[in-house]
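**Q** Structure below; questions to follow.
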Amino acid sequence: MALLVVGLLVYQAEQTNQSLVRQVDVLQSQIQDLKERWYGAPAIYLPPAITNTDIVFFDVKGSTQGQLIESLDHADLCKKYPPCASDPAVPNGVAWGLEGGNLVDKTVSCYSPSTTTVAFREMVVLPRWTPAVDGTVKIPLVERWNALAKAIYTHEAGHVAIAQKGIADLNNRAQQLSTCDAVFTFWDDPHVYDKLDADQAAYHARLHADCRPEVGCIPPGWMGW
């Protein structure tokens, strides 16, 4: 009988310990949940300005990573800002950011080729997420978003740098021409931007060959994206 009593007491003690462990686990989980709730810190990533470039934002909605991805995928940027350059690595045509440029003036004025500069202004389209500052969003999600937003910005800023160099090179070539008529013909050539387009495509190829977020390429599944 004594052995049975001792065995029962040991069993009850083990059960009590297991119950306490479960309670501690629950409390620790609740504490961790409270610690991870976002109330404004860290701040949402804000992209820095780019010279001679307009930054246009499109809003992204959601309080989970899955919801954010769905919102990004259905932003339809290539329909709102056509045309999108084809990218073999993104056959579905979904874009989470864009870059483009336009003439500042629709007509080119020329008094002397050497003093004629055709002005362009760049534009980048970037995602903007404004989560509620009430603890419903978790800090790890904000950190993942900030990393994604920075990578997208880096990618599009790379396109801007290539475009600005390409336009500067074109202006330099046009300024070497002898007449204004030759300048007009130069800029009216439908193939005038062929090299710039090729340089942008080569930029994509370089990124895909060495895909890292810090250089503006998001590897598949990186941080859950």
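**Q** Of the residues LEU72, LEU103, LEU141, which exhibits the maximal mean-square fluctuation in a Gaussian network model of the chain defined by a 10 Å Cα contact cut-off?
**A** LEU103
**Q** If you place +1 on the Cβ of every Lys and Arg, -1 on the Cβ of every Asp and Glu, and leave all else neutral, what size is the dipole of region 176-225 about its Cα centre, to the nearest 20 Debye?
**A** Taking the Cα centre of region 176-225 as origin, the dipole is about 320 debye.
**Q** Could you tell me the largest-minus-smallest coordinate of the C-alpha atoms of region 129-198 on each of the three principal axes, in descending order and whole angstroms?
**A** 65, 18, 18
**Q** Once you list every other residue whose beta carbon is under 15 Å from the beta carbon of CYS217, what net charge do they have if Lys and Arg are +1 and Asp and Glu are -1?
**A** Neighbourhood net charge equals -2.
**Q** Which value, in debye to the nearest 20, gives the size of the charge dipole of the chain about its Cα centre, when Lys and Arg are +1 and Asp and Glu are -1 at the Cβ?
**A** 480
**Q** Considering the chain as a Gaussian network with a 10 Å cut-off on Cα pairs, which listed residue, ALA174, ALA209, ALA75, attains the greatest mean-square fluctuation?
**A** Of ALA174, ALA209, ALA75, the Gaussian network model singles out ALA209 as fluctuating most.
**Q** Pairs LYS61/LYS150; LYS35/LYS61; LYS61/LYS106; LYS106/LYS165; LYS61/LYS165: which are spaced more than 26 Å apart, C-alpha to C-alpha?
**A** Pairs exceeding 26 Å: LYS61/LYS106; LYS61/LYS165.
**Q** Going 7 Å from the Cα of TYR203 in the Cα-to-Cβ direction, what parts of region 54-87 have a backbone nitrogen less than 16 Å from that spot?
**A** Those under the cut-off are 54-56, 83-87.
**Q** How much of the DSSP beta bridge set in region 53-224 is antiparallel, as a percent to the nearest 5?
**A** Of all bridge pairs located within region 53-224, approximately 45 percent are antiparallel.
**Q** If the chain between ALA43 and VAL90 were fully stretched, how many nm would it gain, using 0.36 nm times the residue separation less the Cα-Cα distance?
**A** 13.9 nm
**Q** Sequence neighbours fewer than 8 away in the same chain don't count; with that in mind, list the aspartates and glutamates whose C-alpha is under 16 Å from LYS138.
**A** Of all the aspartates and glutamates, those that pass the test against LYS138 - Cα under 16 Å, at least 8 places apart if same chain - are ASP33, GLU36.
**Q** Another one. Relative contact order for region 29-129: what percent, with Cα pairs under 8 Å and sequence separation of 6 or more?
**A** Averaging sequence separation for qualifying contacts and normalising by length gives 35 percent for region 29-129.
**Q** Taking the highest mean first, how do the peptides 57-63, 154-160 order by number of other beta carbon atoms within 10 angstrom per residue?
**A** 154-160, 57-63
**Q** May I pose another question? With unit charges on the beta carbons (Lys and Arg positive, Asp and Glu negative) and the dipole taken about the Cα centre of the chain, which residue among CYS78, TYR45, VAL192 sits farthest to the positive side?
**A** Positive-most Cα among the choices belongs to TYR45.
**Q** Given a 10 angstrom Cα cut-off, can you work out which residue in TYR39, TYR81, TYR111 is the most mobile in a GNM of the chain?
**A** TYR111
**Q** What is the chain's relative contact order, in percent, from Cα pairs under 8 angstrom and six or more apart in sequence?
**A** 23
**Q** To make sure I understand the rule: partners must be aspartates and glutamates, Cα under 19 Å from the Cα of LYS195, and not fewer than 8 residues away in the same chain. Which ones qualify?
**A** List returned: ASP87, GLU99, GLU122, GLU156, ASP169.
**Q** Quick one: Cα convex hull volume of the chain, Å³ per residue?
**A** 161
**Q** Still on this structure: If you take the charge dipole of the chain about its Cα centre, with +1 on Lys and Arg Cβ and -1 on Asp and Glu Cβ, which of VAL118, ILE55, GLY135 is farthest toward its positive end?
**A** GLY135
**Q** Continuing with this model, one more query. For region 54-165, restrict the atom set to alpha-carbon positions and state the Rg and Dmax in Å.
**A** 17.8, 62
Values in this text are rule-based calculations from the coordinates and carry no lab data. Please read these numbers as outputs of a predicted model, since none were measured by experiment. Neighbour counts are summed over all protein chains in view; Cβ atoms, including those assigned to glycine, are modelled from backbone coordinates with ideal geometry.
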